[in-house]
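To keep things clear, I will list the structure first and then write my remarks on it.
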Amino acid sequence: MELTELTAHEVHELLTGGQVSCREVTEAVLARAEQVEPLAHSYIRLTPEIALAQADEIDQRLARGESLPPLGGIPLALKDIMCTKGLITTCGSKILEDFIPPYDATIVTRCYEQGMVLVGKTNMDEFAMGSSTENSAFGPTHNPWDIERVPGGSSGGSASATAANEAIMALGSDTGGSIRQPAALCGVVGMKPTYGRVSRQGLVAFASSLDQIGPITKDVTDCAHLLNVICGHDPLDSTSVDIPVPDFAQALGKEIKGLKIGLPKEFFEYEGKEVGEEVQAPIRAALKIFESLGAEIEETSLPSLSYCVATYYLIAPAEASSNLARYDGVQYGFRAPGEDIVDMYRKTRDQGFGAEVKRRIMLGTYALSAGYYDAYYQKAQQVRTLMVQDFQRAFEKYDVLMGPTSPTVAFRLGERTADPLAMYLSDVCTIPMNLAGLPAISVPCGFSDGLPVGLQIVGRTLDEETLLRAAHAFEQSTRFHSRRNLPASKDAKALVERRGE
Ligand code: GLN
């Protein structure tokens, strides 16, 4: 087995046992990225100098006989939406293509304090707006399972890097599904923690009441370890919750007998119909496994969830229109010359933002405008409250809710780009949890025509532990997570021919 194929907990064993050095692991990951990048394009920027310097430091610590925390020396891919001091952070946008942050995001500092090694900054939809990573100003990412298909989005680069072994683990951000949906489409584990669990300081803001950072990993154990590093109160983020964080690794390996699972029928609806058989069949098989492990499953309904896409596409653009006002050519990044200051603002924003970002700014500005605020933004907030209440009622009865993470498997590149509404519907299964602030995890649960399918498990506020316990029990009895399909050189040849290079 190659070093790059290992999980973080497996690499940890080798590092602490002295069987391999951190430099060897890091070099293997960098070499793998070098080989796969022409196909996958998971990264906007690789950071070999930083990675190797950090790796050498870890090796010195090991040589001095120091003990290593669980993720010390582990190569990490970071979505390019998290600020890194002195290192360009683009957020997938031309408007930030030269932006060098003066500070590290809090979670970046925490990862460095743990001794993690930064492999690079991953590709993403511009300002995290999208479900396919095709909205990146730097070109799309390809799905390692089929390079003609999308990896999902907006954290498509982080999911693809993890799935293609170009990193041992990754961090993404999730505003409406951007960790879970790409994790599902790439066959890896992805979790959006409870809103407030993880600091957003230094995370470029898209929709502040929905955004949350979370892990994308090869298995549930790694997910628990990465949560241990990133969760916890941050005085620099007033929305981060100030309560003790459990040791998430303690949740692993416990049985799930008697676990009460609710299946909301709204999780299985897509475009007014049932989610397709390609996704339903593996989900049904997964639920059988939960039953065999002693869980009790019941169908239920959370009626307000049918309005989730409409609600989200008022609230998220409204917040985005306000958050993105700061990109004016004065304070950050790109500036287009203009005849006067207003002309400069206009040209900067026109040339700096891509089409989807402009669409969101217009939608959001409209929803917040004086005459329409009550009809759109306020109404959406009221529906959001109904969703929170529907979830509260459901969690009086059930420990977790389950359903698909994505209504379809990975779609073809270009298939939904001309139809924004079709793209927006890609997140129908994940959006409700952002609106309600709840934790949710996606775990690989099977395949359809060789493409991965993800099962989503949703939990009560701040109850990530039950999600991990359920996901881990499932993973132990299936092992779907350990299957990989890596792009081979014949794919590279086909891709190059198609591009006419
Ligand atoms: N696809 C959704 C959107 O475009 C969610 C994105 C996200 O979670 N960042 O807004």
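The values are calculated or read from the model by the stated rules, or taken from the named source; none is laboratory data. This is a predicted model, so every value here is computed, not measured. All Cβ positions, even for glycine, are placed from backbone atoms using ideal geometry, and neighbour counts span all protein chains on display. For accessibility, only protein heavy atoms count, side chains too; no ligands or nucleic acids. Shrake-Rupley method; radii C 1.70, N 1.55, O 1.52, S 1.80 Å.
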inquiry  = Checking the structure you have, find out if any residue of region 155-166 is under 17 Å from Cys445 (Cα atoms), within 13 Å of the ligand (Cβ to nearest atom) and either in contact with a Gly (Cβ under 7 Å, 6 or more places away or on another chain) or not β-branched (Val, Ile, Thr) (or both).
reply    = yes
request  = Kindly check whether there is at least one residue in region 136-157 that is open to solvent by less than 10 Å² (accessible area, probe 1.4 Å) and assigned to a helix (DSSP H, G or I).
outcome  = yes
task = Within region 427-469, track down each residue that is under 23 Å from Leu413 (Cα atoms), small (Gly, Ala, Ser) and modelled with pLDDT of 95 or more.
result = Ser442, Gly446, Ser448, Gly454
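If the requirement is being more than 16 Å from the ligand (Cβ to nearest atom), out of contact with any strand residue (DSSP E or B) (no Cβ under 6 Å at 6 or more places or on another chain), under 29 Å from Ser442 (Cβ atoms) and at pLDDT 95 or above, which of these qualifies: Ile289, Ile297, Ile283?
Details: Ile297 fails: out of contact with any strand residue (DSSP E or B) (no Cβ under 6 Å at 6 or more places or on another chain); Ile283 fails: out of contact with any strand residue (DSSP E or B) (no Cβ under 6 Å at 6 or more places or on another chain).
So the residue among Ile289, Ile297, Ile283 that is more than 16 Å from the ligand (Cβ to nearest atom), out of contact with any strand residue (DSSP E or B) (no Cβ under 6 Å at 6 or more places or on another chain), under 29 Å from Ser442 (Cβ atoms) and at pLDDT 95 or above is Ile289.
When the residues of region 61-85 are filtered to those that are of a type in the set (D, E, K, R) and assigned to a loop (DSSP other than H, G, I, E, B), which remaining residue is surrounded by the most Cβ atoms within 10 Å (Cβ to Cβ)? So that I can check it myself, show each step before the final result.
From region 61-85, those of a type in the set (D, E, K, R) are 61, 64, 66, 79-80, 85; that's our starting set.
Cutting the leftovers down to assigned to a loop (DSSP other than H, G, I, E, B) gives us 64, 66, 80, 85.
Numbers: Arg64: 7, Glu66: 11, Asp80: 29, Lys85: 15.
Checking each candidate, the answer is Asp80.
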ask   = If a residue has to be over 16 Å from Leu435 (Cα atoms) and either of a type outside the set (S, T, N, Q) or in contact with a Phe, Trp or Tyr (Cβ under 7 Å, 6 or more places away or on another chain) (or both) to count, how many in region 362-392 make the cut?
value = 12
inquiry  = Consider region 423-447. How many of its residues are within 16 Å of the ligand (Cβ to nearest atom) and either surrounded by fewer than 22 Cβ atoms within 10 Å (Cβ to Cβ) or in a strand (DSSP E or B) (or both)?
reply    = 6
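Quick one: which of Arg346, Arg335 is open to solvent by 70 Å² or more (accessible area, probe 1.4 Å) and closer than 18 Å to Thr90 by Cβ?
On the way: Arg346 fails: closer than 18 Å to Thr90 by Cβ.
Checking each option against the conditions leaves just Arg335.
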ask   = What are the residue pairs meeting all of these: first residue in region 385-404, first residue farther than 13 Å from Leu287 by Cβ and of a type in the set (Ser, Thr, Tyr), second residue modelled with pLDDT of 95 or more and open to solvent by less than 80 Å² (accessible area, probe 1.4 Å), Cβ atoms under 6 Å, and 6 or more apart or on different chains?
value = Tyr398/Gly262
ask   = Hey, does region 8-22 have a residue that's closer than 21 Å to Ile230 by Cα and part of a loop (DSSP other than H, G, I, E, B)?
value = no
remark   = Selection over region 197-209 where residues are open to solvent by 10 Å² or more (accessible area, probe 1.4 Å) and within 13 Å of the ligand (Cβ to nearest atom) yields a count of 6
Qualifying residue in region 84-99 (condition: at pLDDT 95 or above, among the aromatic types (Phe, Trp, Tyr) and away from the ligand (no atom under 16 Å from the Cβ)) = yes
ask   = If Ser160 passes every condition in (1) part of a loop (DSSP other than H, G, I, E, B); (2) touching a residue at least 12 places away in the same chain (Cβ under 8 Å); (3) of a type in the set (Gly, Ala, Ser) but one, which one does it miss?
value = (1)
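Yes/no per residue for (1) in a helix (DSSP H, G or I); (2) farther than 18 Å from Ala207 by Cα:
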site: Gln331; (1), (2): no, yes
site: Glu356; (1), (2): yes, no
site: Leu363; (1), (2): yes, no
site: Tyr366; (1), (2): yes, no
site: Gly371; (1), (2): no, yes
site: Thr408; (1), (2): no, yes
site: Leu421; (1), (2): yes, yes
request  = Considering (1) within 26 Å of the chain's Cα centre (by Cα); (2) open to solvent by less than 60 Å² (accessible area, probe 1.4 Å), say which one Glu97 fails and leave the rest.
outcome  = (2)
message = Consider region 170-196. How many of its residues are more than 9 Å from the ligand (Cβ to nearest atom) and open to solvent by less than 10 Å² (accessible area, probe 1.4 Å)?
response = 15
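Test of understanding: among Arg416, Arg412, which residue is more than 13 Å from the ligand (Cβ to nearest atom), of a type outside the set (Ser, Thr, Tyr) and surrounded by fewer than 24 Cβ atoms within 10 Å (Cβ to Cβ)?
Values: Arg416 fails: more than 13 Å from the ligand (Cβ to nearest atom).
After applying the criteria, what remains is Arg412.
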task = Go through Gln212, Gln250 for me and flag whichever is among the polar types (S, T, N, Q), surrounded by fewer than 24 Cβ atoms within 10 Å (Cβ to Cβ) and over 27 Å from Arg484 (Cα atoms).
result = Gln250
Per-region count, region 224-247, residues small (Gly, Ala, Ser) and surrounded by fewer than 16 Cβ atoms within 10 Å (Cβ to Cβ) = 1
remark   = Phe127 fails exactly one of (1) in a helix (DSSP H, G or I); (2) touching a Phe, Trp or Tyr at 6+ places or on another chain (Cβ under 8 Å); (3) of a type outside the set (Asp, Glu); (4) away from the ligand (no atom under 16 Å from the Cβ), namely (4)
